[in-house]
């Protein structure tokens, strides 16, 4: 018996010794791990998101800031215990109902969270101050508050597509917020709370708050005032022209700094979730378009640099130019006649550019495309910059070269175009565009300063000055008259291009633009304006006034000295087509004359059926309004001429007369299956063909010839010809050049 007891005691002693040894070993060698493990078992850790750095314009005006706010969370166990306590001191039904009511949430969802077997659940984050105050007054057990920050954009929609927005978890999701997310974010903090084994918060227990570190502040090159000017003018043109979109950029030509960049429509980043996600995109950087004749700025620079022509060389425009067996037409069908190269640019004469680009050659043209930065992204510090779409050099043929030289076939981003144009304005130096001026840490210490970067010298300064002078004539006496600014010489170019359709090829829609810089003899800023498919699809009359107003207000705001006392050569006045008082043609004629427009009756009758342009369309004073009339009774109408009309105008005319039509092609009407003058039944369907070659009438030719001087050059340059069969007219200020025309 004694031996058995000794054996048991020995075994027990060995076990005790082993346990003590193990405990001693753990205490000596694993003490810190054990301590951390015990602490982790008792503590709950909540990440505290840091305040994002602020975003300012170049003068320190706040564009994006973080403001303190509170988030609501609960400990479900505490709420359930309070509900189960004697006399239900805090019924959970009451808690759920009031949380739902005050926070505008679904009561069922809150009950589901209260049922969870956890000690921490967010109810709603970043709530308004009034909601937090109301909940605190209720003083519910298990309902707690945590201070966080939320993003606020004090200027609302101003520069929204450039600044972008941050999400609920403080992460940048678009624009500068996304591009510089790591810089703006800062370091997260932690909030530690101690609980017992049942998950109850231990009173007066360990509670540790590790504060977050705010992110760095970013100062943009954008100027709030210039940005406002741009957005004001874009909104105005989109609304007046019923255009789906417009874009504009203003750049400091000497540095490449973007002073303003906007697209309209835009959105409010304070409520980005309510906006159509398509509005988040920044077309100025993410979008592609064919620039049309604004690209002739670069072609002009190329051919003058290579000396394949000079500003005074004479050319002759017969209205077309052959490229092999293909014929490219000029926008002026009867041709410009004899003209110098400078006049050819001012006239936006396609045959002149076909000839000089042929002399330049394919290889040199592509070299300059690369030199001007058109073959690769600019590298601007904004997300999602698109790649240009260019006809591959290996597969390009002569008519591709001709088309590319006048701004068709290739597609570029607006930021590429304004950067290249600024290179011409900057004495031939291509600058890398940028939009972040500097970055500072939370203590105001400089972290990064962006220095202007010269990418390459594309053309010589002497050539650049020649281009300045040529482009100044475009604005002073050519297609760009509506870009004139009192007190400044302006260099610029208009553009109208066919819009690529989603299924390939070109649609009837147009993209119009105006690009230029000022002062023309000492350029300081450049501006590009693009308007998508406006009612008045002409670069000069639609994009020109937008360019003019943006540049005028920006130059005065920047206090750029006036370089010469000048007054625009022609004060261009526009009036809106009035509403017709009734369907009486005589009353309509009087209403049209009253606003300074010219009524032209296309079809006779006692009743006015329809008219073009439509009511509200801006037309230059003394311009024409065409009336389509018919009998008061009966089922027959006289078929009018549709030649030279756009698809929109043809549709308006036919529907007004009670006719229908099948539209083939795009551009202007070049044919109709029922000849003008025939009497037909209402409801008749006809076929209308559209294209880019419209027959000239004898009246149009005679009127154009009246604009020629003795040396056969154009003195009052028009962009294009508005022609009709019955009453052909030319409006030398309203019209604009078109894209290449192939027969």
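We did not get these values from a lab; they are worked out from the coordinates using the rules stated. Bear in mind the structure is a predicted one, so any value in this text is a computation, not a measurement. Glycine also receives a Cβ, built like all others from the backbone with ideal geometry; neighbour counts cover every protein chain displayed.
The table below lists the values:
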{"item": "Diffusion coefficient, µm² s⁻¹, Stokes-Einstein with Kirkwood Rh over alpha-carbon pairs of the range 478-555 at 20 °C and 1.002 mPa s", "result": "167 µm²/s"}
{"item": "Approximate spin-label separation residue 67-residue 85, in nm, with each point projected 7 Å along Cα-to-Cβ", "result": "3.6 nm"}
{"item": "The chain - mean residue ellipticity at 222 nm from DSSP helices (-39,500 (n - 2.57) per run, n ≥ 4, rounded to 500)", "result": "-9500 deg cm²/dmol"}
{"item": "Compactness relative to 2.2 N^0.38 Å, alpha carbon Rg of the range 124-191", "result": "1.41"}
{"item": "Contact order normalised by residue count of the range 428-544, Cα under 8 Å, 6+ apart, percent", "result": "19 percent"}
{"item": "Rg ratio (alpha-carbon, reference 2.2 N^0.38 Å) - the range 370-417", "result": "1.23"}
{"item": "The range 624-686 and the range 138-177: distance between their alpha carbon centers, rounded to Å", "result": "56 Å"}
{"item": "Residue 662-residue 576 pseudo-label distance in nm [points 7 Å out on the Cα-to-Cβ vector]", "result": "3.9 nm"}
{"item": "Percent of C-alpha pairs per 5 Å bin, the range 342-465, short to long", "result": "2, 10, 16, 18, 19, 14, 8, 5, 3, 2, 2, 1, 0"}
{"item": "Estimated FRET transfer efficiency (residue 535, residue 448; beta-carbon r; R0 45 Å; 0.05)", "result": "0.45"}
{"item": "Cα shape, the range 204-319, gyration tensor, a/c 1.5 rule", "result": "prolate"}
{"item": "Neighbour-count order for 283, 12, fewest beta carbons within 10 angstrom listed first", "result": "12, 283"}
{"item": "Prolate/oblate/rounded label for the chain (Cα gyration tensor, a/c 1.5)", "result": "prolate"}
{"item": "The chain, relative contact order in percent, only Cα pairs under 8 angstrom and at least six apart counted", "result": "11 percent"}
{"item": "Over the range 404-541: Rg over Rh, Cα atoms, Kirkwood Rh", "result": "1.06"}
{"item": "Prolate/oblate/rounded label for the range 288-337 (Cα gyration tensor, a/c 1.5)", "result": "oblate"}
{"item": "The range 249-326-the range 448-486 distance, computed between alpha-carbon centres (Å)", "result": "13 Å"}
{"item": "Residues 18, 669 arranged by fewest to most Cβ contacts within 10 Å", "result": "18, 669"}
{"item": "Cα convex hull of the range 46-220, projected area averaged across orientations, nm²", "result": "11.5 nm²"}
{"item": "Sorted by Cβ neighbour density within 10 Å, fewest at the top, the residues 489, 593, 296", "result": "593, 489, 296"}
{"item": "Angle in degrees between helix 92-103 and the longest Cα principal axis of the chain, rounded to the nearest 10", "result": "30 degrees"}
{"item": "Degrees separating the helix 414-425 axis from the principal Cα axis of the chain, which is the longest one", "result": "60 degrees"}
{"item": "Debye equation applied to the C-alpha atoms of the range 554-690, log10 I(q)/I(0) at 0.09, 0.15, 0.17 Å⁻¹", "result": "-0.36, -0.76, -0.91"}
{"item": "Inter-label distance, nm, simple model (7 Å from Cα along the C-beta direction), residue 636/residue 460", "result": "7.4 nm"}
